Structures are given as C-alpha cells and as structure tokens.
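Q: Dropping the structure in here first, questions after.
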Amino acid sequence: MCSSDLVPVALTASPLMSEGLHPTAHLVRTDTGAPLQGLTIRFEPSVGQACTAVTDAQGLASCTELMPSLGGYQATFSQAPDYQPAEAHGSLY
C-alpha cells in the first residue's frame, strides 16, 4: 500500500498525573474520529525501559510497567499496514 493510501491517525498521550502514574495513549482515525482497537502502542520513558500495550475498544492503551521519569514519555504507533504512524509526548505534571 502506498503511503498516501494509509489512513491518517491521531495519537494523544495523557500527562502522567492525570492518569495516575501509568502512561496512557489514545489512538483514533482522524477522518472519522473512530477509536482504533487491537493496535500496539510503544511507551518509552526519557530514562528506563520501554513497554508496549494494545488499544482497547475505546482506542486506549496503558502501560502499568513503565516507571515515570522527569522527562515524561514518548508514545509511538507504527505497526499496522493500513494506518499512518503517529507519536505523542506525555509529560510529567
């Protein structure tokens, strides 16, 4: 599939304190606003080990194993053939 044929998506990363200390990301199609279920999000802190989580029916994914760091975290979506990749930064409040 040509990159121009890929469906555009939006990925948002919640500030850590608004979701407790677990990084949470929300993945939706930008053309319809529909949440995307069953897709993998990679969470990577500014320091420490990364983890992955799969989006639920609301397009939410959360990583309970990730330790918070002062630099926040990066959420990345890049592993589905029909959708454009996306990334977002979640800060530490």
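Q: Of (1) open to solvent by 70 Å² or more (accessible area, probe 1.4 Å); (2) within 20 Å of Ser4 (Cα to Cα), His22 satisfies all except one. Which?
A: All conditions pass for His22, except number (2).
Q: Taking strands (runs of 3 or more DSSP E) that do not extend beyond segment 39-93, which have at least 3 residues that are open to solvent by less than 60 Å² (accessible area, probe 1.4 Å)?
A: 40-45, 73-77, 86-90
The values are calculated or read from the model by the stated rules, or taken from the named source; none is laboratory data. Just so it is clear, the model here is predicted, and its values are computed rather than measured. Side chains are part of the model used for accessible areas, which takes the heavy atoms of the whole protein and leaves out ligands, DNA and RNA. Shrake-Rupley method; radii C 1.70, N 1.55, O 1.52, S 1.80 Å.
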